[in-house]
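Quick notes on the structure that follows.
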Amino acid sequence: MVAAHVDHAGGKGMQTKVADRHCIPLTDKCHILQHNKGWPWFEREVLRHDAVTLAESYWKAWPGHAKWEADHG
């Protein structure tokens, strides 16, 4: 599994990735497919779900998110 950064989640600067809180886990094969086809296609054809919403769900499910947010404002 690899962390796929959901670029259209916001907060991305030029030539940078979005914060790790905006990631979803993908297999290597799916990650390559997402890069080759792009997020709109990947969300529609593979995930059948909005990747930003999925990333938010994973972030909120992580037990350490509240402490991380408190420490990093």
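The values are calculated or read from the model by the stated rules, or taken from the named source; none is laboratory data. Just so it is clear, the structure is predicted and the values come from calculations on it, not from any experiment. A quick note on method: Cβ atoms are made from the backbone with ideal geometry, for glycine too, and the neighbour counts reach across all protein chains shown.
The table that follows gives values for the structure above.
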{"item": "Among the residues listed as A70, A3, A66, the single one being within 9 Å of the chain's Cα centre (by Cα) and free of Cβ contacts under 8 Å to residues at least 24 places away in the same chain", "result": "A3"}
{"item": "Filter result (of a type in the set (K, R) and either touching a Cys at 6+ places or on another chain (Cβ under 8 Å) or at pLDDT 85 or above (or both)) within region 1-28", "result": "R21"}
{"item": "Answer from K17, K29 - the residue that is within 11 Å of the chain's Cα centre (by Cα) and either outside any helix (DSSP H, G or I) or charged (D, E, K, R) (or both)", "result": "K17"}
